[in-house]
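There's a structure below that I have some questions on.
The values are calculated or read from the model by the stated rules, or taken from the named source; none is laboratory data. What you are looking at is a predicted structure, and each value in this text was computed from that prediction instead of being measured. Here the Cβ positions follow ideal geometry from the backbone for every residue, glycine too, while neighbour counts run over all protein chains shown. Note: accessible area is taken over every heavy atom of the protein model, side chains too, but ligands, DNA and RNA are not part of it. Shrake-Rupley method; radii C 1.70, N 1.55, O 1.52, S 1.80 Å.
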Amino acid sequence: MSELLVDFITTLDGYASGEGWPGFWGLEGPEYLTWLGEQPEATYLMGAKTYRLMSGFAAGEVPNGQDEFRPEEEASVDELTQASKVVFSSSLEEPLTWANSTLVRDDAVEAVRAMKSSGSGLLSTIGSLSLCRSLLRAGLVDRFRVVMFPVITGATGEERIYDGYPDVALEMIEHRTFDGRIQLVEYKPRVLEHPPLGVPA
């Protein structure tokens with residue numbers, strides 16, 4: 001059975017991106033980049049918006065506010081190009097132009113449920129906030145990982161991650177600090193039907 005990882009990089013205040021900021025908010029360091037390069041092979045899951053953005057980067061479109069990609073950003077996009085990707089969308093048309101991408105028009109929750117039961121590798125989301133929310137709400141997420149970068153983007157932040165989420169209890173299974181400033185926390189999530197009635201002893 002496959003394992004499903006929801007994987008976010010965020011600001012401290014929970015934004016997935018910020019207007020005018022470079023990738024990784026310009027704050028990635030050598031420890032973090034080394035760790036990224038050591039991640040196991042995965043099939044990446046995404047929605048149409050993330051696909052359009054990332055495939056555009058792969059085709060050479062530079063993010064707003066930048067003249068060119070930094071080497072770290074280029075390497076990250078190249079690795080994604082080589083990886084297997086599943087795109088859930090009713091608006092995109094086949095064939096998808098980004099290499100190693102498969103379009104799925106079926107309900108994403110049921111499709112991922114089937115992928116988990118019939119597969120054996122790691123499934124990992126990338127971006128795709130509404131997809132991640134739906135998969136978590138359906139109880140399909142095995143691990144919920146957040147890498148927080150040391151910046152607050154109260155004025156320029158975009159894509160608030162946790163809006164619309166259910167209440168979720170999180171059991172920590174991993175934590176780590178990279179380059180003395182970037183914090184990773186990883187949890188086993190459990191969706192709550194209601195707040196707990198008492199405080200654990």
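Would you list 9, 182 from the most to the least accessible area, probe 1.4 Å?
Of 9, 182, the descending order of accessible area is 9, 182.
Springs between alpha-carbon atoms under 10 Å, Gaussian network over the chain: tell me which of 40, 22, 189 tops the mean-square fluctuations.
40
Residue by residue, what Karplus-based ³J(HN,Hα) values in Hz, rounded to whole numbers, does the range 102-107 have, using 6.51, -1.76 and 1.60 with θ = phi - 60° and x for Gly and Pro?
Computed from phi, the couplings for the range 102-107 are 10, 8, 10, 9, 5, 3 Hz.
How large is the charge dipole for the chain, taken about the Cα centre, if only the Cβ atoms of Lys, Arg (+1) and Asp, Glu (-1) carry charge, to the nearest 20 debye?
Using only the charged Cβ atoms, the result is roughly 660 debye.
Still on this structure, please answer the following. Ranked from the most accessible area to the least, with a 1.4 Å probe and all protein chains present, what is the order of 167, 179?
Sorted by accessible area, descending: 167, 179.
May I pose another question? Name the long-range amide H neighbours of residue 18: under 5 Å, sequence gap of 5 or more, or other chain; modelled H, no Pro or chain starts.
Answer set, sorted by chain and number: 158.
Give me the accessible area of residue 89, 1.4 Å probe, in Å² rounded to the nearest 10.
10
Now a separate question. Report the Rg/Rh value for the range 73-132, based on alpha-carbon coordinates and the Kirkwood definition of Rh.
0.96
For the chain, with equal point scatterers placed on the C-alpha atoms only and solvent neglected, what are the log10 I(q)/I(0) values from the Debye formula at q = 0.17 1/Å, to two decimals?
The calculated log intensity ratios at q = 0.17 Å⁻¹ are -1.34.
Another question, if that's okay. Could you work out [θ]222 nm for the chain from helices alone, using -39500 (n - 2.57) per DSSP H run of at least four and dividing by all its residues? Round to the nearest 500 deg cm²/dmol.
Dividing the helical sum by the residues of the chain leaves -7500 deg cm²/dmol.
Which ³J(HN,Hα) values in Hz, rounded to whole numbers, follow from the phi angles of the range 47-54 under the Karplus curve 6.51 cos²θ - 1.76 cosθ + 1.60, where θ = phi - 60° and Gly and Pro get x?
Result, rounded to whole Hz: x, 5, 4, 5, 4, 4, 5, 6.
Let me ask something else about it. Residue 9's amide H: which non-local residues (gap 5+, or another chain) put their own amide H closer than 5 Å, with H modeled 1.01 Å from N in plane and none for Pro or chain starts?
Distant-sequence amide H within range of residue 9: 147.
Right, another one. Could you run the Karplus curve 6.51 cos²θ - 1.76 cosθ + 1.60 with θ = phi - 60° over the range 11-27 and give me ³J(HN,Hα) per residue in whole Hz, x for Gly and Pro?
7, 4, 8, x, 9, 8, 7, x, 4, x, 8, x, x, 6, 6, x, 10
Among the lysines, select those whose C-alpha is under 19 Å from the C-alpha of residue 188, and discard any that sit fewer than 8 residues away in the same chain.
116
Follow-up. Could you tell me whether the range 130-178 comes out rounded, prolate or oblate from its Cα gyration tensor? Rule is a ≥ b ≥ c as square roots of the eigenvalues, rounded for a/c under 1.5, then prolate if a/b exceeds b/c, otherwise oblate.
Oblate shape, in that a/c is at least 1.5 and b/c is the bigger or equal ratio.
Heavy atoms only, probe 1.4 Å: what % of the accessible area of the chain goes to carbon and sulfur, would you let me know?
50
Here is a further query. Residues with amide H under 5 Å of residue 126's amide H, sequence separation 5 or more or different chain, H placed in the peptide plane at 1.01 Å from N; which?
Amide H neighbours of residue 126: 45.
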